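Note sheet for the following structure.
The values are calculated or read from the model by the stated rules, or taken from the named source; none is laboratory data. On a predicted model such as this, the values are computed, not experimentally measured, just so you know. Please note: Cβ atoms are built from the backbone with ideal geometry, for glycine as well, and neighbour counts cover all protein chains shown.
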Amino acid sequence: MTRISPARIALYVISTLVLVYLILPVLIIAPISFSSARFLTFPPPSFSLRWYQQYFANPAWMQATRVTLTVALFTVVIATPCGVAAAYAISQSKLRIMRLIHMMLLLPLVVPIIITAVGIFFVYAKVGLVATLPGLVLANVMLGLPYVVISVLAGMQSFDPAQEMVARSLGMNRLRSFFEVTLPQIKSSVVAGGIFAFISAMDETIVALFISGGQYQPLTKRMFTALRDEIDPTIAAISTLMTAASFMLVLAASARQKKAG
Amino acid sequence: MVTSVPDPSQKHQRREHGLMLALVSPALLVILLLIVLPVGWLAWQSIYHDGFTLENYRRVFTEDIYWRSFALTFEISLAVTLIALLLGYPVAYLANSVPKGWSILILSLVVLPFWTSVLVRAYAWLALLQRTGVINQFLRYLDVISEPLALVHNTFGTVVATVHILLPFMVLPLYATMQKIPGDLMQAGASLGASPSLTFARVFLPLSLPGVLAGCTMVFVLCLGFYITPELLGGGRTVMVSMLVSRNVELYNQFGAASAVAVVLLLGVLLIFAIVSRFISLDRILGQK
């Protein structure tokens with residue numbers, strides 16, 4: 001039996017405390033959302049669904065939810081094929097410029113989001129895209145692209161391009177060989193990338209604060225405004241639903257990635 | 001000279017190049033129109049207003065309010081980075097040194113908050129830290145305090161919530177680096193008579209430094225541009241650079257000044273990436289999320 005050193009015990013204690021710090025805020029929201037109290041009290045006085053009722057009965061929240069889902073859906077539908085095509089070209093082409101293009105596609109992760117948001121706001125103001133649905137979708141496609149590109153590039157790493165060559169030498173054309181040989185093998189990373197783009201669009205707040213308005217405000221913008229003014233437990237209900245949705249999507253994505261190896 | 005004789009393989013290669021460029025072009029177009037153009041516009045606007053002017057930059061570098069905000073942002077980012085390193089290193093170390101099942105559990109707990117919206121977590125911290133919040137109620141219940149502590153709507157609350165959001169960006173690169181450190185090295189140190197703490201200090205710690213650098217860079221850079229957390233938890237007193245940008249746009253319509261602040265922030269971030277990328281590859285820093 002080995003003796004556990006004091007340093008080891010300290011390591012366990014510190015790590016446990018840090019992990020509690022990490023998950024406590026995530027765990028605290030659900031009980032608040034099921035509480036009957038107007039003000040935040042913990043533990044909640046009694047169980048109630050009133051904040052969920054308020055959320056589902058409020059037309060403004062429902063409209064915002066529709067906007068969020070619509071934007072996230074369109075984002076995935078546009079960003080995924082663009083990202084897959086780009087990742088395919090980056091991994092297969094020997095052109096020098098591809099390195100530069102690869103870096104450029106990661107720009108949304110490098111540039112602080114507040115700068116991107118203000119810049120897009122200035123450009124949209126000139127071309128009349130402020131407070132429109134297409135404007136919101138386009139911005140989210142840009143923000144979601146890096147996730148698709150990173151995920152698919154990782155998937156392409158374990159793919160042997162010679163297989164596609166074989167398919168083509170057997171008479172398939174390029175497009176068909178991609179769809180029948182390559183895509184099935186990288187499918188998992190494509191799906192994972194798409195899911196990450198969806199979550200990114202669902203959670204995006206800062207760009208939406210600047211460029212969305214009127215009836216096309218996503219959930220996050222309404223939540224932000226509500227949080228700035230007054231703490232309303234309805235937000236806890238929405239937060240719980242959003243977190244549950246995110247987790248299910250992440251679980252789906254990581255199950256996919258695991259299958260991809 | 002070999003001219004005008006079309007080489008079939010060359011022609012094939014040119015077609016191949018054309019196809020590849022066509023495939024990247026939609027994504028590239030989106031990036032060019034929605035981030036390169038907007039940021040370029042911002043830069044242009046910071047120096048041009050009915051003629052060239054450096055007035056915006058003069059203000060940013062001389063006026064007190066800008067200066068204070070840059071200093072505060074730098075201090076907060078530094079503090080957040082150090083705290084995240086101190087909290088993250090033990091967790092990564094533990095995850096690296098326990099059996100696989102446990103390390104998966106630890107890492108899942110680390111990335112769990114990663115995928116909850118920043119807004120949701122800001123709300124949770126408000127619920128925990130405010131005067132009538134969970135922590136104050138608990139401490140009063142225990143009779144540790146008689147008056148509620150001011151835990152939020154100040155710099156303290158901002159730092160607590162920011163570290164919480166950025167901690168996974170520290171733990172993941174640390175863990176990835178520690179995974180690559182061969183275990184026999186530690187055993188070799190021990191068999192040569194070094195104490196565990198000496199082996200750690202002389203062997204493990206130096207080998208984990210690339211992870212430390214990657215994690216610290218990501219946390220520091222992300223913190224420099226943080227907006228939602230300081231805005232909601234800072235109580236209006238903690239004015240970070242990002243808030244300066246948004247206020248200049250939304251409240252004062254000072255587009256030139258906002259652009260100049262944004263450009264200075266962006267140059268700072270790019271400079272950091274440029275310096276760090278001489279030591280470790282950018283993919284390693286960015287590839288985490």
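The C-beta contact set for the stretch A:221-246 (first residue free of Cβ contacts under 8 Å to residues at least 40 places away in the same chain and within 10 Å of another protein chain (Cβ to nearest Cβ), second residue of a type in the set (Asp, Glu) and part of a loop (DSSP other than H, G, I, E, B), distance under 7 angstrom, 6+ apart or interchain) comprises A:ALA226/A:ASP232. Beta carbons closer than 6 Å, at least 6 apart along the sequence or on distinct chains, pair a first residue in the stretch A:53-75 that is under 17 Å from A:LEU143 (Cβ atoms) and in the same structural domain as A:THR234 (by TED's automatic domain parsing) with a second that is of a type in the set (Phe, Trp, Tyr) and at pLDDT 90 or above for A:VAL67/A:TYR216; A:ALA72/A:PHE198.
One residue alone among A:ILE32, A:ILE28, A:ILE23 is outside the structural domain of A:THR240 (by TED's automatic domain parsing) and either outside any helix (DSSP H, G or I) or modelled with pLDDT of 85 or more (or both), and that residue is A:ILE23. For B:ARG202, the conditions (1) among the basic types (Lys, Arg); (2) modelled with pLDDT under 85; (3) closer than 24 Å to B:SER69 by Cα are fulfilled apart from (3). You will find that of B:ARG68, B:ARG121, B:ARG58, the residue that is in contact with a His (Cβ under 7 Å, 6 or more places away or on another chain) and basic (Lys, Arg) is B:ARG121 and no other. Among the residues of the stretch B:266-283, those identified as of a type in the set (Val, Ile, Thr) and more than 14 Å from A:PRO108 (Cα to Cα) are B:ILE272, B:ILE275, B:VAL276, B:ILE280. Annotation note: of A:ALA139, A:ALA131, the sole residue that is in the same structural domain as A:VAL250 (by TED's automatic domain parsing) and under 14 Å from the mean Cα position of the chain (by Cα) is A:ALA139. A:ILE186 meets each of the listed conditions (1) surrounded by fewer than 24 Cβ atoms within 10 Å (Cβ to Cβ); (2) farther than 25 Å from B:HIS153 by Cβ; (3) β-branched (Val, Ile, Thr) apart from (1).
Look at the stretch B:112-133: where a residue is more than 7 Å from chain A (Cβ to nearest Cβ) and under 28 Å from B:ILE145 (Cα atoms) and a partner is outside any helix (DSSP H, G or I) and at pLDDT 80 or above, sitting 6+ places away or on another chain with Cβ atoms under 8 Å, you get B:LEU129/B:LEU151; B:LEU129/B:VAL152; B:GLN130/B:LEU151; B:GLN130/B:VAL152; B:GLN130/B:HIS153; B:ARG131/B:PRO148; B:ARG131/B:ALA150. Regarding the stretch A:4-19, can at least one residue be identified that is farther than 30 Å from B:TYR93 by Cβ, more than 9 Å from chain B (Cβ to nearest Cβ) and part of a helix (DSSP H, G or I)? No, there is no match, as no residue in the stretch A:4-19 is farther than 30 Å from B:TYR93 by Cβ, more than 9 Å from chain B (Cβ to nearest Cβ) and part of a helix (DSSP H, G or I).
Can you confirm whether the stretch B:228-243 contains a residue that is over 30 Å from B:GLN130 (Cβ atoms) and either within 11 Å of another protein chain (Cβ to nearest Cβ) or in a loop (DSSP other than H, G, I, E, B) (or both)? Looking for residues that are over 30 Å from B:GLN130 (Cβ atoms) and either within 11 Å of another protein chain (Cβ to nearest Cβ) or in a loop (DSSP other than H, G, I, E, B) (or both), one finds none in the stretch B:228-243, hence no.
Filtered by the rule that a residue be more than 7 Å from chain B (Cβ to nearest Cβ) and within 19 Å of A:GLY83 (Cβ to Cβ), the stretch A:102-133 gives A:HIS102, A:MET103. I'd like to know if the stretch B:98-117 contains one or more residues that are modelled with pLDDT under 90, farther than 30 Å from A:SER239 by Cβ and within 27 Å of the chain's Cα centre (by Cα). Within the stretch B:98-117, none of the residues are modelled with pLDDT under 90, farther than 30 Å from A:SER239 by Cβ and within 27 Å of the chain's Cα centre (by Cα).
The lone criterion from (1) more than 12 Å from chain A (Cβ to nearest Cβ); (2) buried (at least 21 other Cβ atoms within 10 Å of the Cβ) left unmet by B:ALA194 is number (2).
For the stretch B:266-280, the condition holds for at least one residue, the condition being that it is at pLDDT 90 or above and in contact with a Pro (Cβ under 9 Å, 6 or more places away or on another chain). Restricted to the stretch A:87-118, and to residues there that are in contact (Cβ under 8 Å) with a residue 60 or more places away in the chain and of a type in the set (S, T, N, Q), the residue that is nearest to B:VAL245 (Cα to Cα) is A:THR116. So which residues in the stretch B:164-185 are within 14 Å of another protein chain (Cβ to nearest Cβ) and in contact with a Ser or Thr (Cβ under 6 Å, 6 or more places away or on another chain)? Scanning the stretch B:164-185 gives a single hit, B:MET178.
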